[in-house]
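Derivation of every value follows stated rules applied to the coordinates shown; laboratory data play no part. Computed from a predicted structure; not experimentally measured. Ideal geometry is used to build each Cβ from the backbone, glycine not excepted, and the neighbour counts take in all protein chains shown.
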Amino acid sequence: MTTIKLEPKLTPANKKLITNDWSAGFPQFKVCGPLWLLRRTGPLVVGVCLDYTPGGSDYVPTFHMHCLAKPFDAITFTLGHRLKTIRSGTTESIKVRFHYDHVDEAIARLKDQVKFPMCGTWNLGDVVAAYHKYMTVPGGMSPSILYEDIFYYYTWCDKRDNALIILDNFMPTVRSWEPYMLEREGGPDVWYAKCRRIIESTDVRQIVEDEVTKHKLTKIPDEGFDCTD
């Protein structure tokens, strides 16, 4: 990579340079905008966002996923993973001024920390495994939200019977949760009914097409999704 010395804060010019450097490290991802790379495979969008800090002197590389089968107003940072330091495991930001001193190592470290295949065809098993791994992270998203995504993926793959088995096997765990964990959903029985509706829905593929249009992702090619689990 080039050794251009950058300004100490983000500008339109160095945003482009930084984005291009990260794009080179993730060749199957497409530049979706300044400091944001995305890849689309069937019902899934995976991204790398170079989230800048207030003042624009630093940026934080963040890996994330988004389920297109679930209608939403924005691309979410589901399974969000910020670059971690080697020693303490805390979030690491990269100073814009020293971008070229760290970018290659930061790309390699983010890939190693996420441990999700960044190239090739993604399959249902890879995605579900990534969701389950994230559920072990303290302070992460609610498992109920993550399982809804999983059921959407199974439904998109027309594996509804598999999804129903997973749902039924998971319900004893759900019923053991503290009441507050499903308070917004109305409790375990209401959440179970919601998941049944997801699994039994017949318009998931149309929803994905509509979400692609809504989020202006039509220029990002769909690279296909392997439904092997």
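Structure values in brief
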quantity: Size of charge dipole - segment 1-74 - debye, nearest 20, with Cβ of Lys, Arg +1 and Asp, Glu -1, no other charges; calculated: 220 debye
quantity: Neighbourhood charge, 10 Å Cβ-Cβ cut-off, centred on ILE198 and excluding it, Lys, Arg +1 and Asp, Glu -1; calculated: +2
quantity: Percentage relative contact order, the chain, counting C-alpha pairs under 8 Å, at least six apart; calculated: 23 percent
quantity: Ordering of 150-160, 70-80 by burial proxy (mean other Cβ atoms within 10 Å per residue, highest first); calculated: 150-160, 70-80
quantity: R0 of 35 Å, Cβ-Cβ distance ASP158-THR85: FRET efficiency to nearest 0.05; calculated: 0.25
quantity: Cysteines without a disulfide-compatible partner [the chain; Cβ-Cβ under 4.7 Å]; calculated: CYS32, CYS49, CYS67, CYS119, CYS195
quantity: Residue among VAL114, GLY56, ILE75 farthest towards the positive dipole end of the chain, charges placed on Cβ; calculated: GLY56
quantity: Dipole magnitude of the chain about its Cα centre (Cβ charges: Lys, Arg +1; Asp, Glu -1), debye to nearest 20; calculated: 740 debye
quantity: Out-of-range pairs (alpha-carbon distance over 29 Å; input LYS15/LYS70; LYS16/LYS115; LYS115/LYS194; LYS84/LYS194; LYS115/LYS159); calculated: LYS15/LYS70; LYS115/LYS194; LYS84/LYS194
quantity: Cα-based reach from LYS95 at 20 Å (exclusive), listing aspartates and glutamates while leaving out same-chain residues under 8 positions away; calculated: GLU7, ASP21, ASP51, ASP58, ASP104, GLU105
quantity: Sites ALA129 and TYR100, calculated FRET efficiency, Cβ-Cβ separation with R0 25 Å, nearest 0.05; calculated: 0.15
